[in-house]
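Colleague: One structure, as structure tokens, below. Some questions next.
The values are calculated or read from the model by the stated rules, or taken from the named source; none is laboratory data. Keep in mind that this is a model prediction, so the values were computed, not measured. Virtual Cβ from ideal backbone geometry, glycine too; neighbours counted across all protein chains shown. Accessible surface is based on the protein model in full, side chains and every heavy atom, while ligands, DNA and RNA are left aside. Shrake-Rupley method; radii C 1.70, N 1.55, O 1.52, S 1.80 Å.
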Amino acid sequence: MADSEKGTTIATNSGVDHHRTYADNGSAAYRSSPTSPVRSNIGNPGTLGLFSFASTTLILSLYNTSARGVNTPNVVVGMALFCGGLVQLLAGMWEFPKGNTFGATAFSSYGAFWLSYATILIPGSGISDAFADDASEEPNAIGIFLMTWMTVTFLLFIASLRKNIGFIALFFFLTLTFMCLGAGNFVVASSPHASAGLIKAGGALGIITALIAYYVGLSELLASERAAVVGLPIGVFKHD
């Protein structure tokens, strides 16, 4: 390293050291984050992806709990296409050059999830119309769709076990969310007049998931600041 660049280590309340190298003018040449430890001069896209995921999940989850009497979720289509879908997909692509395979896989996958879910709700896609002859077929198909994403989420939960407590909680509750929503659709398919209790439970779990994602995202945002007003711990594990 040249004499004009001095490496400094900055401790934060999140329990992890963030390494920055400053040139003579004090600008950051590279940095790391609690969830993307590879040092890079690329800004951390983690907060963008987490906030986008959290916002879209919160809206749909409130609809699933029938908040304010809303039972039709179609207003979430715009959020799912652009915020939960496109923005998350971009965040995932930006994680690749940072060397963060976990973040790239998670953000890209859930970006694709939201884009595909929005497509189901768009009338012009013809997806719902294809099930017009059998009222039980569509909820069964959606149940399989959601259970598949429960499987993907559980695999990411396993990968998160050595990262930090924030991610462990996030993927644990998201796995339960998909499980309840998928099972709820199977119940509706078997009896169209059945109670939507499981779907409402999935909505409540989704709200918890969204709040956790907001917290982890804010922790990353504050950790990227040179003079953050406060640091939020996310329980980062120290590895040998």
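Colleague: I'd like the carbon and sulfur percentage of the solvent accessible area for region 81-170, probe radius 1.4 Å, heavy atoms only, ligands and nucleic acids excluded.
Modeller: The value for region 81-170 is 72 percent carbon and sulfur by accessible area.
Colleague: May I ask you to evaluate 6.51 cos²θ - 1.76 cosθ + 1.60, the Karplus curve with θ = phi - 60°, for each residue of region 112-128 and list the ³J(HN,Hα) values in order in whole Hz, giving x for glycine and proline?
Modeller: 5, 4, 5, 5, 6, 5, 4, 4, 4, 7, 6, x, x, 6, x, 5, 5
Colleague: Next up: So, for region 92-233, what is the accessible surface per residue at a probe of 1.4 Å, expressed in square angstrom?
Modeller: Accessible area per residue, region 92-233: 47 Å².
Colleague: May I ask you to list the residues of region 110-144 whose amide nitrogen lies under 13 Å from a point 7 Å from Cα along the Cα→beta-carbon direction of T72?
Modeller: What the label zone holds, given the 13 Å backbone N cut-off, is 122-123.
Colleague: I'd like the carbon and sulfur percentage of the solvent accessible area for region 174-227, probe radius 1.4 Å, heavy atoms only, ligands and nucleic acids excluded.
Modeller: 71 percent
Colleague: Also, I was wondering about something else. Figure the gain on full extension for V230 and F96 (residue separation times 0.36 nm, minus the Cα-Cα span) and round it to one decimal in nm.
Modeller: 45.4 nm
Colleague: First measure r as the distance between the Cβ atoms of L86 and A159, then evaluate 1/(1 + (r/R0)^6) with R0 = 22 Å and state the FRET efficiency to the nearest 0.05.
Modeller: For R0 = 22 Å, the calculated efficiency reads 0.35.
Colleague: At a probe radius of 1.4 Å, what is the per-residue accessible area of S136, in Å² to the nearest 10?
Modeller: 30 Å²
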